[in-house]
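K.L.:
Before I ask anything, here is the structure I am working with.
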Amino acid sequence: MSKEKGTPRRHRQGLLVAAAAGAVLVGAFFWLMRRAIPEPYRRVNIVLVTADTLRADRLPAYGYERVRTPHLDAMAAESVLFENASTVVPLTLPSHASMFTGTFPMYHGVRDNGGYYLDEKHQTLAETLRDNGYKTGGFVAAFVLDSRWGLSQGFDRYYDEFDFQKFERIALDTVQRPGGEVLEEALGWMDDVKDGPFFSWLHFYDAHTPWEAPEPFFSQYQGYRGSRYDAEIAYVDSLMGELFDWLETNGLEDDTIVVFIADHGESLGQHKENTHGFFIYDATMRVPFILKTPYRQLGGGRRVGAQVRSIDLMPTLLELVGIEAPEAVQGTSLVPLASGEMDDLGLYAYGESFYPRNHYGWSELKSIRNESLHFIDAPRPELFDVREDPRQQTNLANQRAATVGRLKAKLDALIAELGVEGIDEQAPETLDAETQQQLAALGYLGGPSKVNIDPDRPLADPKDKIGLFNLIKDAGSDSSEGRITEAIAKIEQVLLEDPGILEAHNIMGNLLTKDGDLERALAAYQEALARDPEYTPALFGLALTYQELGRPDDADAGYRRLIELDPRDSRAHFMLAKSHANRSEFEKAIELLKQVADIGSERAPLHNLMAECYFGLKELDIAEQEVHRALEMNAELPTAYYNLALIFEERGDVNAAIEAYVKEIDVSPKGFKAHFNLGKLYGQTGRPRKMKEHFEAAIGANESFAIGHLYLAKLHLDSGNLDKAQELASRGIELSPNPSMAPFGHFILADIYNRQGRVEDAERELQSARRLQQS
């Protein structure tokens, strides 16, 4: 019998157990070794989601309990969550400019929404990734991130394409794009590039006002203050779920970095601020920042309590894919914190709002923050212990003067080290007329501005002006919702309390213009200019009002003054060119439009107006070229197809003209001139039913269109409908058609009365027609 066979059963079991235990230990050893050895970074895909207006403490992952976000909760459980992440400015455009350049506002110069542009000299995250072989796509949900502001740099595909002509009522809620549309467009693009590597940026605007979440989320959150805000957050979470489903379906979960971060928060009434942009407390400055990577050393639900900044996003992502950050980047890679290699990088977050200063002449706000203290530099400084006082209700500045002095010195040193000299004095650029109109539709009533500051006058503390700021913001909401009377009343209240706010005078002028009270609007603009003769927003409003009042010479004087103050003011050049074109001074208009193109504001409306000028000069080939250039830039530009149709009509190509008018009506269904001209062409080609349809559409789109009433009256006269013809002709005459067409209305009435046997009435109308012909 062998020795093995003679081994007792109990001993053999012990050997088996020992062997098994040894195998487990060996396996555990190699598992631990594998976990201990960092996985090398590689060129994986990057999906960046920026949630607009989402404050950190409104997510369950950050301790909130009233909203359900299962997808973000699951993401946080296997990611790195930064508990103290701060943005730089509580406004969409400057915040994103900092994220995408890794630099502070005092370096890149974008301080506000509208009027500030990210200069092409700045190297963006998208440019850096594209230069290193990434396909890049950006998908944005709000006009404030339109490509014209400069954030599209480096993107192969940039989905903005905001068409303001499609909306019955142009307002913030109708032009903002729901997150579902952003996600659909992004996933469609990602389907085409999923072989990678790709960088996809999705911007969700849903948590921004107005809060109108789709069902079932809207109904699920009711009955408490902020419930509609929570409903939007729940909706955003559902979109994240769809995004993760796509990654899983396509087998890309282990090859993709996903970041969820907000651009800024929302005050929700805290510190008496209803929205954001004015104050720089944590309510609007502390943002969620969750980083999910395919690397085993990063994640597992790690929570980082150290201070980090949104400007750290770019260098962090670049390190995670093995790409060196551009030299200008001022942020710091957070990989040592995310991996657990370090607990704290000793970072301080810088924050600012120049909104009170630039718009109202009150003091700007600047701050510096770490994970324990938040210092705000203001006429009355503030210091908060954010650990003990997260809602920042107790100002410790008087009790801890030494700490205030130390942090103020650190803030000043940071600005001096990282800022560009003179950038605080940099004024926003003027906007082209199209952009100005669109921003006004969004509730940005005052437009970009920078108030001249008297260096000898102390600036008001924004804390003392928050009530006026809220009234101005509420007036903007009223205006965008069509409540002009209510908006005017709010601005009147503002001016009663502080008549020195230039922007309020300017807003009053804009509101009165919108209300049709042009004389009072003129007075409002003049009041602003009496206080500051170089306040360009009011000067532009004044010129436009003169134009509306039929005082072109006064309007032109305003435009020329604007050009004197800022030779790069493209909108003043454009409007002056338009004024010349309206008076058939086409050569002067063309010269001005060429200057606009030289300035660098070569947009579709410029080429469309250029086409109108060349058409007026009978240079039809050049006119057609200009229209096509306009349509290449904007395929749905109002009046472009109309101008093309006029060119075809002038050449005698009726069928081409009809086709162009039909396209114009598709773009602008209420374009009454296109309907009218198309109706005439249908009449010429023997299609009276369609002629009648478009004449009716013309006066339906513009009830005061006198000539349209007269042509439709003639059509009814010819068909024997005398009563309708009389009604339309009388209305057309009442509307005072231009002198060349006025006799036409009286001839129609004369014909009607003659057919009715009303000889004296017919004779009277004939005499009226002949007098008008002779005058």
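The values are calculated or read from the model by the stated rules, or taken from the named source; none is laboratory data. In this text, all values refer to a predicted model and were calculated from it rather than measured experimentally. Using ideal geometry, Cβ is built from the backbone for each residue, glycine included, and neighbour counts are taken over all protein chains shown. When the accessible area is computed, the model is the full protein with side chains, heavy atoms only, and any ligands, DNA or RNA have been set aside. Shrake-Rupley method; radii C 1.70, N 1.55, O 1.52, S 1.80 Å.
K.L.:
For the subset of the stretch 213-233 comprising residues that are touching a Phe, Trp or Tyr at 6+ places or on another chain (Cβ under 7 Å) and surrounded by fewer than 21 Cβ atoms within 10 Å (Cβ to Cβ), which member is farthest from Glu127 (Cα to Cα)?
P.N.:
The extreme case among them is Ser227.
K.L.:
Where in the stretch 261-338 are there helices (runs of 4 or more DSSP H), lying wholly inside it, with at least 2 residues that are under 24 Å from Met106 (Cβ atoms)?
P.N.:
282-285, 313-320
K.L.:
Now a separate question. Restricting to the stretch 487-530, what's the tally of residues that are part of a helix (DSSP H, G or I) and open to solvent by less than 20 Å² (accessible area, probe 1.4 Å)?
P.N.:
Looking only at that region, the number is 19.
K.L.:
Look at Ser740 and say whether it is touching a residue at least 12 places away in the same chain (Cβ under 8 Å) and among the polar types (S, T, N, Q).
P.N.:
no
K.L.:
Taking the stretch 647-706 as the region of interest, how many residues are open to solvent by 30 Å² or more (accessible area, probe 1.4 Å), closer than 20 Å to Leu620 by Cα and either aliphatic (A, V, I, L, M) or outside any helix (DSSP H, G or I) (or both)?
P.N.:
Residues that pass the stated criteria total 3.
K.L.:
Further question on the same structure: Determine, yes or no, whether Glu632 is part of a helix (DSSP H, G or I), modelled with pLDDT of 95 or more and not polar (S, T, N, Q).
P.N.:
No: the conditions fail for Glu632.
K.L.:
Being over 13 Å from Thr69 (Cα atoms), outside any loop (DSSP other than H, G, I, E, B) and open to solvent by less than 20 Å² (accessible area, probe 1.4 Å): is that true of Val236 here?
P.N.:
Criteria not met by Val236.
K.L.:
Right, something else. Could you list all residues from the stretch 46-89 that are closer than 24 Å to Ser372 by Cβ, among the hydrophobic types (A, V, I, L, M, F, W, C) and either open to solvent by 20 Å² or more (accessible area, probe 1.4 Å) or in a strand (DSSP E or B) (or both)?
P.N.:
Selection gives Val80, Leu81, Phe82, Ala85.
Conditions (1) at negative phi; (2) open to solvent by less than 60 Å² (accessible area, probe 1.4 Å); (3) assigned to a helix (DSSP H, G or I); (4) at pLDDT below 95, marked per residue:
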| site | (1), (2), (3), (4) |
| --- | --- |
| Leu383 | yes, yes, no, no |
| Gln393 | yes, no, no, no |
| Leu396 | yes, yes, no, no |
| Lys408 | yes, no, yes, no |
| Leu411 | yes, yes, yes, no |
| Ala440 | yes, yes, yes, yes |
| Gly446 | yes, yes, no, yes |
| Lys473 | yes, no, yes, yes |
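K.L.:
For residues in the stretch 577-600 being open to solvent by less than 10 Å² (accessible area, probe 1.4 Å) and either among the β-branched types (Val, Ile, Thr) or over 27 Å from the mean Cα position of the chain (by Cα) (or both), which is farthest from Asp532 (Cα to Cα)?
P.N.:
Looking at residues that are open to solvent by less than 10 Å² (accessible area, probe 1.4 Å) and either among the β-branched types (Val, Ile, Thr) or over 27 Å from the mean Cα position of the chain (by Cα) (or both), I get Ala589.
K.L.:
Could I ask something else about it? When you scan the stretch 478-485, do you find a residue that is modelled with pLDDT of 90 or more, under 23 Å from Asp515 (Cα atoms) and assigned to a loop (DSSP other than H, G, I, E, B), even just one?
P.N.:
Yes, there is a match, as at least one residue in the stretch 478-485 is modelled with pLDDT of 90 or more, under 23 Å from Asp515 (Cα atoms) and assigned to a loop (DSSP other than H, G, I, E, B).
K.L.:
Hey, among His276, His359, His264, which residue is under 30 Å from the mean Cα position of the chain (by Cα), within 30 Å of Glu503 (Cβ to Cβ) and at pLDDT 95 or above?
P.N.:
His264
K.L.:
Looking only at the stretch 750-763, filter to residues that are of a type in the set (D, E, K, R) and in contact with a helix residue (DSSP H, G or I) (Cβ under 8 Å, 6 or more places away or on another chain); which one of those is surrounded by the most Cβ atoms within 10 Å (Cβ to Cβ)?
P.N.:
Asp751
K.L.:
Only residues that are open to solvent by 10 Å² or more (accessible area, probe 1.4 Å), at pLDDT 90 or above and either among the charged types (D, E, K, R) or over 16 Å from the mean Cα position of the chain (by Cα) (or both): list them for the stretch 140-188, please.
P.N.:
Gln153, Phe155, Asp156, Arg157, Gly180, Glu181, Glu184, Glu185, Leu187, Gly188 - these are the residues of the stretch 140-188 that are open to solvent by 10 Å² or more (accessible area, probe 1.4 Å), at pLDDT 90 or above and either among the charged types (D, E, K, R) or over 16 Å from the mean Cα position of the chain (by Cα) (or both).
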